[in-house]
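Reviewing the structure listed below.
The values are calculated or read from the model by the stated rules, or taken from the named source; none is laboratory data. A quick note: this is a predicted structure, and the numbers were derived from the prediction, not measured. No Cβ is skipped: glycine too gets one built from the backbone with ideal geometry, and neighbour counts run over all protein chains shown. The area values use the complete protein model at the heavy-atom level, side chains included, leaving out ligands, DNA and RNA. Shrake-Rupley method; radii C 1.70, N 1.55, O 1.52, S 1.80 Å.
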Amino acid sequence: MQRTEYEHALYRADQVREIERAAIAAGIGETQLMQRAAEAAWALLQRRWPEAQRVCVLAGLGNNGGDGLWLAALARQAGRAVNVCELPAKRSVAAAHARQLALAAGAQLQAAARALPPADVYVDALFGIGLNRAPEGRAAQWIEALNRRTTPVLALDLPSGLLADTGAAPGVAVRASATLSFVAWKRGLFTGHARALCGELALDTLGIDVSAAPAPDARWLAPAPLPPRARDAHKGRCGHVLVIGGEQGFAGAARLAGEAALRCGAGLVSVATRAAHAGVIAAQRPELMVHAVETVAELDALAARASVLAVGPGLGQSDWARALLARALELGKPTLWDADALNWLAARPRMLPAGAVVTPHPGEAARLLACDVEAIERDRFAAARALAARYGAVTVLKGAGTLLAAPDARVEVCMEGNPGMASGGMGDVLSGVIAALLAQGLPAWEAARLGVALHARAGDLAARAGERGLLASDLFVPLRALLNGAA
């Protein structure tokens, strides 16, 4: 594996241990790995907080605690005042050596201290990748005390309390200012609670030869852009999206999806909606072809001309909605399923036709898998894969750190997006974006990858004016710029 590819690879904890074992077998000792980890962390701490004169290390169990103890020795040797709050533990040979180095350098070690001493920077070296439960006892007390302070925190490998494989935090967890991951990226650093806990992320492979690393469990989302349009392009070659949605009171959802599809290059976009909404949507965006559809026969006439269906934005769960959904499933066209279309599908689980994309948020995902939201968030990777396998569709599991899963179990994680996107209509825009890419000929997996990336990047650009108050329609201008390489 090339190093650049490795730096986009995401691993489970057991795979990271495998990489470490291979490195040790190749001649890099455990003590050497610990020394390299401490040196990398100390270098990052000095770059990030060069004025810090007081360092407090929270040293826990295992080699994570050893990394912190070795860093304490380095900080003391550099003339910093160093306190170490350590949990009592039977340490490995390498970690015990690190502890002796810290003592010899003059670091003040406090076993199970009740209160954290003052510091300019705290180093979280409590738990590594082995934690699979909520922190307890003195460790939990220290984490709570740390989170009450405004002092910067550097987390070694991952913030303590965060689960390396899932991004879940079953109890209290450190809110780090920066996190330095060792050896390889852990997949849990990029989704779920991790987005609020990790702060700035950095990776140091500790000089390990990564050419023989195992295949990763997941990857960063990094899709290729669309090529320039052919000079002889016309609207008939750029696809025709039919948005099916807009129950009484929800015209905006259908309009947002439709305009997003236009902004992302679909040649034609039609909207099938309630008669009461047709005139309003057409007046707001005259480029949309808006049709009053009250019967399945009327839908058939529109669908015959469409190349892609986007089903669900504002659709509701009335008899009208159920009739249109049932018919959409029979049409055999590439289809994006969102919102109430997913709730309908949850009540009637089935494999979807080839080329389908589903875009659930955690609540919809829970209904689709007949579980609760907590189960989804405990392991978003497993949930995304389960959805793709159960419904035979490319799955976009939305949320902080959106996941994409294919029916063949491939998973990618979106690294972009921001909390300002937690507002009504954002999912409708995403539906239109992906539908437009499907209409322009991208396969379902590639359309979902590029669509999610564009949507997240557009959200980040739009949020430069502030996250609070960000509207879904604010993404339209940056979406167009991104698609055309102008942003």
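Accessible area per residue was computed with a 1.4 Å probe on protein heavy atoms; His8 scores about 80 Å². The local environment of Glu287, defined by Cβ-Cβ distances under 12 Å, has a net charge of +3 under the rule Lys, Arg +1 and Asp, Glu -1. In loop segments of region 78-124 as defined by DSSP, the trypsin sites (Lys or Arg not before Pro) with at most 10 further C-beta atoms inside 10 Å of their C-beta are Lys90, Arg114. Only protein atoms count toward the accessible area here, which uses a 1.4 Å probe; on region 4-64, the carbon and sulfur part of that area reaches 48 percent.
If you wrap the tightest convex hull around every Cα atom of region 258-321 and split its volume per residue, you get 85 Å³. Among the trypsin sites (Lys or Arg not before Pro) in region 217-276, those located in a DSSP loop and surrounded by at most 15 other Cβ atoms within 10 Å of their own Cβ are Arg229, Arg231. Counting protein heavy atoms only, region 379-421 has 57 percent of its accessible area on carbon and sulfur, 1.4 angstrom probe. Based on Cα contacts under 8 Å between residues 6+ apart, the chain shows a relative contact order of 12 percent. Translational diffusion of region 344-396 was estimated from the Stokes-Einstein equation, with Rh taken as the Kirkwood radius over Cα pairs; at 20 °C and 1.002 mPa s the coefficient is 197 µm²/s. Taking the longest Cα principal axis of the chain as reference, the axis of helix 380-391 is set at about 30 degrees.
Average 1/r across all pairs of distinct alpha carbons in region 228-280, invert it, and you get the Kirkwood radius: 11.9 Å. The relative contact order of region 281-415, computed from alpha carbon pairs under 8 Å that lie at least 6 residues apart in sequence, is 16 percent.
To the nearest µm²/s, what D does Stokes-Einstein give for region 299-364 at 4 °C and 1.567 mPa s, using the Kirkwood radius over alpha carbon pairs as Rh? D, rounded to a whole number, is 108 µm²/s. Averaged per residue, region 316-416 has 36 square angstrom of accessible surface, using a 1.4 angstrom probe with ligands and nucleic acids left out. Here the Debye sum runs over all C-alpha atoms of region 30-167 as equal scatterers in vacuum, and log10 of I(q)/I(0) at q = 0.11, 0.14, 0.20, 0.21 Å⁻¹ comes out as -0.33, -0.54, -1.19, -1.32. Scattering from region 230-350 was approximated by placing one identical point on each alpha carbon and applying the Debye formula without solvent; log10 I(q)/I(0) at 0.12, 0.14, 0.23 1/Å stands at -0.38, -0.52, -1.36. Stokes-Einstein, applied to the Kirkwood radius of region 305-429 over Cα pairs at a viscosity of 0.890 mPa s and 25 °C, places its translational diffusion at 167 µm² s⁻¹.
What's the whole-number percent of alpha carbon pairs in the chain lying beyond 29 angstrom?
54
Once a ≥ b ≥ c are taken as the square roots of the eigenvalues of the Cα gyration tensor of region 116-181, is the result rounded (a/c under 1.5), prolate (a/b larger than b/c) or oblate (a/b not larger than b/c)? The shape class here is oblate.
Here, region 366-413 has an Rg and a Dmax of 9.6, 25 Å when only alpha carbons are counted.
Counting only DSSP beta bridges with both residues in the chain, the antiparallel share comes to about 15 percent. For Thr31 and Met289, FRET efficiency with R0 = 51 Å and r from the beta-carbon atoms, rounded to 0.05? Efficiency computed from Cβ-Cβ geometry: 0.15.
Projecting the Cα atoms of Ile208, Val172, Trp185 onto the charge dipole of region 112-223 (Cβ charges, centred on the Cα centre) puts Val172 farthest toward the positive pole. Extents of region 44-110, largest first, come to 34, 21, 18 Å (Cα atoms, principal axes, whole angstrom). Report, in degrees rounded to the nearest 10, the 0 to 90 angle that the Cα long axis of helix 275-284 makes with the longest principal axis of the chain. Its long axis makes an angle of about 70 degrees.
The local environment of Ala202, defined by Cβ-Cβ distances under 12 Å, has a net charge of -2 under the rule Lys, Arg +1 and Asp, Glu -1.
Between the helical axis of 62-77 and the longest alpha-carbon principal axis of the chain there is an angle of about 60 degrees. What a 1.4 Å probe finds exposed on region 124-178 is 42% carbon and sulfur by accessible area, rounded to a whole percent. Per residue, the accessible area of region 193-307 comes to 46 Å², computed with a 1.4 Å probe over protein heavy atoms only.
Two decimals is fine: what's Rg over Rh for region 189-276, C-alpha atoms, Kirkwood radius as Rh?
Here the Rg-to-Rh quotient is 1.20.
The helix-based estimate of mean residue ellipticity at 222 nm for the chain, built from -39,500 (n - 2.57) per DSSP H run of four or more residues and divided by its residue count, is -12500 deg cm²/dmol to the nearest 500.
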